[in-house]
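Contents: one structure, followed by commentary.
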Amino acid sequence: MIRAGGPISVERYMGLANAHYYATRDPLGVAGDFTTAPEVSQMFGELVGAALADCWRRAGAPADAAYAELGPGRGTLAADALRVLGKAGFAGEVHLVETSPPLRAEQAKRVPGARWHDSVEELPPRPVLLVANEFFDALPVRQWVGGEERRVAVAGDALVFTVDGPIREDSPAREEAVRAVARHLAEHGGVALVIDYGHARSGQGDTLQAVRGHAFADVLADPGEQDLTAHVDFEALGRTASAAKVTRVVSQGEWLERLGIAARAESLAEVHPERADEFAAARKRLCDPDEMGALFKVMAIHSRSWPSPAVFE
Ligand code: SAH
């Protein structure tokens, strides 16, 4: 395409590469390219479910509320969260926003009765308990050097950037998605938990990265065969979600500890004493600042008629 039509923006490059990447594989887990929090431990999805259940109950437990998730991967988070939500009395519909056929198939195995959508705009007109874990980081970013948009060109047999220098990033695709979430919450009620790696304040420079086989790779190598992500700018997301109420941003480690991951790890270890070390190691991996605890952040968005979820009150 570049040879025929000339350089394309970083945004278009990332969008096309990731569309092919996700459409053609299940990239998650030890045998794949990267491992996400719900794949580290069931405790992650269970605490997401507990936070949503508590918020739903304090909102009066509306029976028409639905569970919704953006980019649900293998469906592991949804299965773990819905188990806890079910124990709290929630029996609502399940709506998954997912474009990848192989991942839809994985989700169907773990979340019976789910319905699928291509975009947030297609969610049904009901209150939602919505989760997005490592969804926004996969949506394309634009890169700017001064006033010039950075593009990808061909030089000989290789791909190259058209311009280098101090970089600023923004993302119309992320803004469109979060604006749709906020609009849905404002119109129909509910709460959304956005969990991703990124920063609480704008202005971090070049954060585009490629991951393959659990290691960093060259972002211009093998387009469509490796995962492209960029840090999520939570300040920009929050600004764009102003149709609803936006909470502060907390680190994933603080959030999980305050939701009670220590107690959950202990009670699991009582039931499965032979796996006690595994639960302790998973808690450390999810919460330690040196591991996923500090880089990953959590922010909630909720309608004015619903309370702030636990930890954000
Ligand atoms: N939330 C999961 C998976 C994260 S990987 C987990 O935590 O394990 C990113 C997910 O977003 C995948 O399910 C991918 O197929 C989906 N995705 C990526 N781009 C998308 C888009 N434009 N629309 C809908 N889903 C998308």
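Values as computed for the structure displayed
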read-out: Hits in the stretch 163-187 (condition: more than 22 Å from the chain's Cα centre (by Cα) and either within 16 Å of residue 245 (Cα to Cα) or in contact (Cβ under 8 Å) with a residue 60 or more places away in the chain (or both)); value: 187
read-out: Those helices (runs of 4 or more DSSP H) lying entirely in the stretch 170-286 with at least 1 residues at pLDDT 95 or above and among the β-branched types (Val, Ile, Thr); value: 172-188, 234-240, 261-271
read-out: When residues of the stretch 42-74 are limited to those that are surrounded by 24 or more Cβ atoms within 10 Å (Cβ to Cβ) and in a loop (DSSP other than H, G, I, E, B), the one farthest from the chain's Cα centre (by Cα); value: 65
read-out: Residue within the stretch 68-78 that is more than 9 Å from the ligand (Cβ to nearest atom) and out of contact with any helix residue (DSSP H, G or I) (no Cβ under 8 Å at 6 or more places or on another chain) present; value: yes
read-out: Residue 91, sole failed condition from (1) within 23 Å of residue 136 (Cα to Cα); (2) assigned to a loop (DSSP other than H, G, I, E, B); value: (1)
read-out: Sole residue being among the small types (Gly, Ala, Ser), over 22 Å from residue 310 (Cβ atoms) and surrounded by fewer than 19 Cβ atoms within 10 Å (Cβ to Cβ), chosen from 224, 260; value: 224
read-out: In the stretch 1-17, residue nearest to the ligand (Cβ to nearest atom) [restricted to those that are free of Cβ contacts under 8 Å to residues at least 60 places away in the same chain and in a helix (DSSP H, G or I)]; value: 5
read-out: Selection count, the stretch 148-164, where residues are surrounded by fewer than 21 Cβ atoms within 10 Å (Cβ to Cβ), outside any strand (DSSP E or B) and either within 16 Å of the ligand (Cβ to nearest atom) or modelled with pLDDT of 95 or more (or both); value: 3
read-out: Residue match in the stretch 105-119 (condition: in a strand (DSSP E or B) and buried (at least 19 other Cβ atoms within 10 Å of the Cβ)); value: no
read-out: Selection within the stretch 120-130 - touching a residue at least 60 places away in the same chain (Cβ under 8 Å) and either outside any strand (DSSP E or B) or under 20 Å from residue 26 (Cα atoms) (or both); value: 120, 123, 125, 126, 127
read-out: Of the criteria (1) within 14 Å of the ligand (Cβ to nearest atom); (2) among the aliphatic types (A, V, I, L, M); (3) touching a residue at least 12 places away in the same chain (Cβ under 8 Å), which one residue 105 fails; value: (3)
read-out: Qualifying positions in the stretch 18-41 - touching a residue at least 60 places away in the same chain (Cβ under 8 Å), buried (at least 20 other Cβ atoms within 10 Å of the Cβ) and not in a loop (DSSP other than H, G, I, E, B); value: 18, 21, 22, 37, 38
read-out: Within the stretch 186-207, tally of residues that are out of contact with any strand residue (DSSP E or B) (no Cβ under 6 Å at 6 or more places or on another chain) and closer than 27 Å to residue 66 by Cβ; value: 4
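The values are calculated or read from the model by the stated rules, or taken from the named source; none is laboratory data. What you are looking at is a predicted structure, and each value in this text was computed from that prediction instead of being measured. Heads up, the Cβs are rebuilt from the backbone with ideal geometry, glycines too, and the neighbour counts pull from every protein chain shown.
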